[in-house]
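In what follows, a single structure is set out as structure tokens and then discussed.
The values are calculated or read from the model by the stated rules, or taken from the named source; none is laboratory data. Please read these numbers as outputs of a predicted model, since none were measured by experiment. Cβ coordinates were reconstructed from backbone atoms using ideal geometry, including for glycine residues, and neighbour counts include every protein chain displayed.
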Amino acid sequence: MKKGIMCALMFNAILPLTAGNVEVIMYIDTEMPCLQSEWLSGKVVINNKGDRDIKLLEEDVVPLFQLYWHPNISEQDAPRAYAEMERGDGMRFSRSTVKGTTDSMVEKSERIVTLRKGESKEIVFEGKEIDAPYFYFHNPRRQIPFAAELYLSPDVWIPVEVRPPVAVAFDAKSGTPVKEGKWVNSNEPWVWRARIDTNEFLFVKTDSASPTYRLGEVHPDDVVTHANKTITITQKNGNIRTIPEKDIPRVSAERKEERRKKAEEGK
């Protein structure tokens, strides 16, 4: 009985704070719209604007256990997908999983930090996979917007403002792989072209466990080859660009940084 009374008191104390006085903004570095296999990177900024402290998980745990990602659709639009989201599947966390895991860690004071009133916290994350309901893999007809929420124990969900908004291009058209045949050796890079909207991009996975790297735009007339551990892009005008396999992560990161700077300049 005492435990139930304490939980009720905690809920009543935290609700006024979290409902209106916690601001969460997420800045995404990954280019949008993205493929389902592209991992998200960026940072989350949490501002405690209220007059009470709040409990957060440690920095490396928040993106995994305390943030809930879901397709930004209504139950009426896709009831089957909605049911899959709540049920969870494999590595895909349901809302109830996020709540249960966070509640348990807060109750045990396990890997918990306190964000004092008036404080802000910035959490940088890399390699966050977007887990979509299985339904969409069989209905790739459109781009699906995603939303995020931050869960604060004992029972409060804070909407996250995501900049730019996340959209997964399930309608992306995959072009012919640069090398013919299937990807048999998972230790070798796999390079392919895909069209998103009206633009065509060059993508690569360096191995089966790596993220999908977006190397840049390519024109339909460009010839792309992959040989001798080098990706070569030959344009119609004769210009040639080479990307050694070892430089793939760097080239992708430089592209992200260039786009981020342009976005900052455009504000």
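Listing for the model above:
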read-out: Total residues in region 243-261, condition exposed (fewer than 12 other Cβ atoms within 10 Å of the Cβ) and over 19 Å from the mean Cα position of the chain (by Cα); value: 3
read-out: Candidate set: region 17-50, residues that are within 27 Å of residue 168 (Cβ to Cβ) and either in the same structural domain as residue 196 (by TED's automatic domain parsing) or among the hydroxyl-bearing types (Ser, Thr, Tyr) (or both); chosen: the one modelled with the lowest pLDDT; value: 37
read-out: Residue in region 122-132 that is in contact with a helix residue (DSSP H, G or I) (Cβ under 6 Å, 6 or more places away or on another chain), modelled with pLDDT under 90 and not assigned by TED's automatic domain parsing to the domain that holds residue 246 present; value: yes
read-out: Failed item in (1) assigned to a loop (DSSP other than H, G, I, E, B); (2) within 16 Å of residue 188 (Cβ to Cβ), with residue 237 passing the rest; value: (2)
read-out: Residue match in region 219-230 (condition: more than 19 Å from residue 173 (Cβ to Cβ) and buried (at least 16 other Cβ atoms within 10 Å of the Cβ)); value: yes
read-out: Residue match in region 180-191 (condition: closer than 28 Å to residue 42 by Cβ, of a type in the set (Val, Ile, Thr) and either at pLDDT below 95 or assigned by TED's automatic domain parsing to the domain that holds residue 130 (or both)); value: yes
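A quick yes/no check of all residues on (1) at positive phi; (2) touching a residue at least 40 places away in the same chain (Cβ under 8 Å); (3) not charged (D, E, K, R):
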residue	(1), (2), (3)
187	no, no, yes
200	no, no, no
207	no, no, no
212	no, yes, yes
220	no, no, yes
235	no, no, yes
246	no, no, no
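Yes/no per residue for (1) touching a Cys at 6+ places or on another chain (Cβ under 8 Å); (2) not in a loop (DSSP other than H, G, I, E, B):
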site: 154; (1), (2): yes, no
site: 176; (1), (2): no, no
site: 191; (1), (2): no, yes
site: 219; (1), (2): no, no
